[in-house]
Amino acid sequence: MSDYAVIKGASYVLAAAPDMVLHNGTTQTTEMIVNPESEYLKELPNHLRSFDDVLAYIPNQVYIGNMTNKDLAATEFPYYDKKAEKAERYGKYGEIMPQDEFIGLMQICDVFDLVKLEAGFAQEVKAKLTAHGMLKEEQIAILDKNNDTDETIAALVNDEHSEPIYHNFKLVGAVKRAHDVDVNLSAHVMFENIVAKASSVLAMLHLIKNTGIDPAEIEYVVDCCEEACGDMNQRGGGNFAKAAAEVVGLVNATGSDVRGFCAGPAHAILDAASLVKAGTFKNVIVTAGGCTAKLGMNGKDHVKKGLPILEDCLGGFAVLLSENDGVNPVIRTDIVGRHTVGTGSSPQAVIGGLVTDSLDKAGLKLTDVDKFAPELQNPDITKPAGAGDVPEANYKMIAALGVKRGDIARTDIPSFVAERGLVGWAPTQGHIPSGVPYMGPCREDILAGDIKRAMIIGKGSLFLGRMTNLFDGVSFLVEANPGKQEAAAAVSEETIKSLIGEAMRDFAKSLIAE
Amino acid sequence: MDLENQRRVLEFTNQYGAENIVVLLGAAEGEASGLAAETVTLGDPTFAGPLAGVQLGLTVYHVCEPEIKEEIDPAVYDEQISMMEMVLDVDDICNEMNAIREQL
């Protein structure tokens, strides 16, 4: 067992982005095209939350690690009208970055001089990012290059096809297009991609801090966001992973991008864990940044029901997988669930392929898994939009299949869901909720001895890309580390037995020969 | 109901006639089922898609409703649907569906 990859640490970050909800979320940009005078667009700004309210939102505090899933489970639903007692910017996993600082970080992450900021705004942000303390002096100095005025920024937007950057409803900058014809290098695409890169950078900076690892020891980075970077000759050419690694200073790393819609992160973790187990690399980071398009995705329902816009943050995460240290939880890359081409689309077949088939092969029962982490969408966001409680629906399906298999009694479904499920806390940023938000807390739960085994499940809606009608998903088990000594003892015992066996055979042979 | 599906429902109805179409839903809860049923009978309540203001009056059921369950081979139903039947609030779905059908 000694060569499984271990979870060395995880980071989770959010960036408040209220103005990006208005100008970059596709629900809003679509509405601006089809119904520019709509009541929704007029009403929307009144439903945006202040940064303090974003900090006080309990699911956000769970995401960055100041509160636990148990705290959220103990909170009366809905969550949007409750306030966290500890409404802090920084948590043990990461932070919630204010929008203006994130805009500054976007410029620091842009190496093609596409992000332009109004000079005064840039100086305000510079002071804040200096206080933030995680960026190098020369990186922060990039903000000094801005000499644009309100007028020159407005001209970039009005005359040069640039994508505007707003803060507090005011135009403070622009992202220029990177080519005058190529749609894949348009200002809109560059804006989305720089946002994804910057939020991944922020997550990796926190991961390096949280784990204390020397950045030079990272050998490979896998990015699993849902954006594509490239030009008209290779729309998804890549490589977000290496681009972000450069900003973070991972000088000995290369990397690549893995895609699979919302299942991308689970695929990426499997890839990374396999690279480590194979001995190809010792330290691999899996990371993803956030997605502007999904900001305010369910805004129409939230506004209609009098709720604040709850999808007002970009999400990001990073997980460090390393060679077995005998301490941290291992990723069982040999107990892997898959939705295959032949699995079929009925929920029974899906849950079977994703959850129970791999357990059966390993001789484990559903009840041998202490926690299941499928899609961890925050129900505060999805329920008012008519999408129900996504994680709860997954747990009920897993439990119902357990009933059909005879693992549990039908009357045990509610207790199975309560004990082995998790209340969702992840922002609905597509790939972000997909099992991975639990990897950090899971590591701690296992190290503390609270649980022994968890299953991380990623699911993805491939049909959205119109290349296949199929859906997809993969799962893997995370287990307590049996420890180096135990593993070493088991190996040596086996070796001794085989040596004795060999000696006996040789002895017998020599007797026969005599 | 998403706009693409509304367009397809409209096209099939134009091609085969409303009396020859049955819409079978698999939505996970009552409200979503009711909205989809409303869309293909009374018209798109969100006024966003091709069925906005179009009353097709199609026959529509959820796959977990008894009328449909009776039509399906029990072995197939057990393999394909029974697990979800255990999970879904079937009574709520039936109530929503009946409420829409009563308006026709």
Exercise. Name the residues whose placed amide hydrogens come within less than 5 Å of the amide hydrogen of A:VAL115, ignoring near sequence neighbours (fewer than 5 apart) on the same chain.
Key: A:LYS176
Quiz item: Karplus couplings for segment A:351-365 from phi (6.51 cos²θ - 1.76 cosθ + 1.60, θ = phi - 60°), rounded to Hz, Gly and Pro as x?
Solution: 5, x, x, 7, 10, 8, 4, 5, 5, 4, 4, 8, x, 10, 9
Exercise. Would you list which lysines come within 17 Å of A:LYS8, measuring only between C-alpha atoms, while excluding same-chain residues fewer than 8 positions from it?
Key: A:LYS92, A:LYS209, A:LYS277, A:LYS282, A:LYS452, A:LYS484
Quiz item: What are the residues whose amide H is under 5 Å from the amide H of A:PHE77, where those residues sit 5 or more places off or on another chain and H is modelled from the backbone?
Solution: none
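In the protein assembly as shown, what % of DSSP beta bridges are antiparallel (nearest 5)?
Details: 42 of 61 bridges.
Beta bridges within the protein assembly as shown, antiparallel portion: roughly 70 percent.
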Quiz prompt | At q = 0.07, 0.10, 0.11 Å⁻¹, base-10 log of I(q)/I(0) for the protein assembly as shown (Debye sum, equal scatterers on each alpha carbon) | solution = -0.48, -0.94, -1.11
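So what's the convex hull volume per residue for the Cα atoms of segment A:6-322, in Å³? Could you put the intermediate results ahead of the total?
Details: hull volume 43.4 nm³, N = 317.
Here the figure is 137 Å³ per residue.
Once you keep just the Cα pairs under 8 angstrom separated by 6 or more residues, what percentage relative contact order results for chain A? Walk me through the numbers on the way to the answer.
Working: 1087 pairs, mean separation 97.4, N = 514.
Here the relative contact order equals 19 percent.
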Quiz item: Using +1 on the beta carbon of Lys and Arg, -1 on that of Asp and Glu, and nothing else charged, what's the dipole of the protein assembly as shown about the Cα centre, debye to 20?
Solution: 1200 debye
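Applying 1/(1 + (r/R0)^6) with R0 = 45 Å to the Cβ-Cβ distance of A:ASP180 and B:GLU85, what FRET efficiency is obtained, to the nearest 0.05?
On the way: r = 57 Å, r/R0 = 1.26.
Using R0 = 45 Å, I get an efficiency of 0.20.
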Quiz item: Tell me, what HN-Hα J-couplings in whole Hz come from the Karplus equation 6.51 cos²θ - 1.76 cosθ + 1.60 at θ = phi - 60° for each residue of segment A:156-162, using x for Gly and Pro?
Solution: 4, 6, 6, 10, 10, 6, 7
Quiz prompt | chymotrypsin sites (Phe, Trp or Tyr not before Pro), loop per DSSP, at most 15 other Cβ atoms within 10 Å - longest free stretch of chain A | solution = A:170-514
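For segment A:299-379, report the translational diffusion coefficient in µm²/s to the nearest whole number, using Stokes-Einstein at 20 °C, 1.002 mPa s, and a Kirkwood Rh over Cα pairs. Spell out each step's value before the answer.
Details: Rh = 16.7 Å.
Diffusion coefficient, whole number: 129 µm²/s.
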Quiz prompt | Phi to ³J(HN,Hα) by Karplus 6.51 cos²θ - 1.76 cosθ + 1.60 over segment A:442-449, Hz, x for Gly, Pro | solution = 4, 4, 5, 4, 6, 4, 7, x
Quiz item: Which GluC sites (Glu not before Pro) in segment A:143-207 pass both tests, a DSSP loop state and at most 16 other beta-carbon atoms within 10 Å?
Solution: A:GLU160
Practice problem: Would you calculate, for chain B, the mean residue ellipticity at 222 nm contributed by helices, counting each DSSP H stretch of 4 or more residues as -39,500 (n - 2.57) and dividing by all residues, to the nearest 500? | Solution: -15500 deg cm²/dmol
Quiz item: A:GLY337's amide H: which non-local residues (gap 5+, or another chain) put their own amide H closer than 5 Å, with H modeled 1.01 Å from N in plane and none for Pro or chain starts?
Solution: A:SER475, A:PHE476
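Every number in this text was worked out from the coordinates using simple rules, so none of it is lab data. The shown structure was predicted, so the numbers you read here are calculated from the model rather than taken from an experiment. Every residue, glycine as well, gets a Cβ built from its backbone with ideal geometry; the counts of neighbours run over all protein chains shown.
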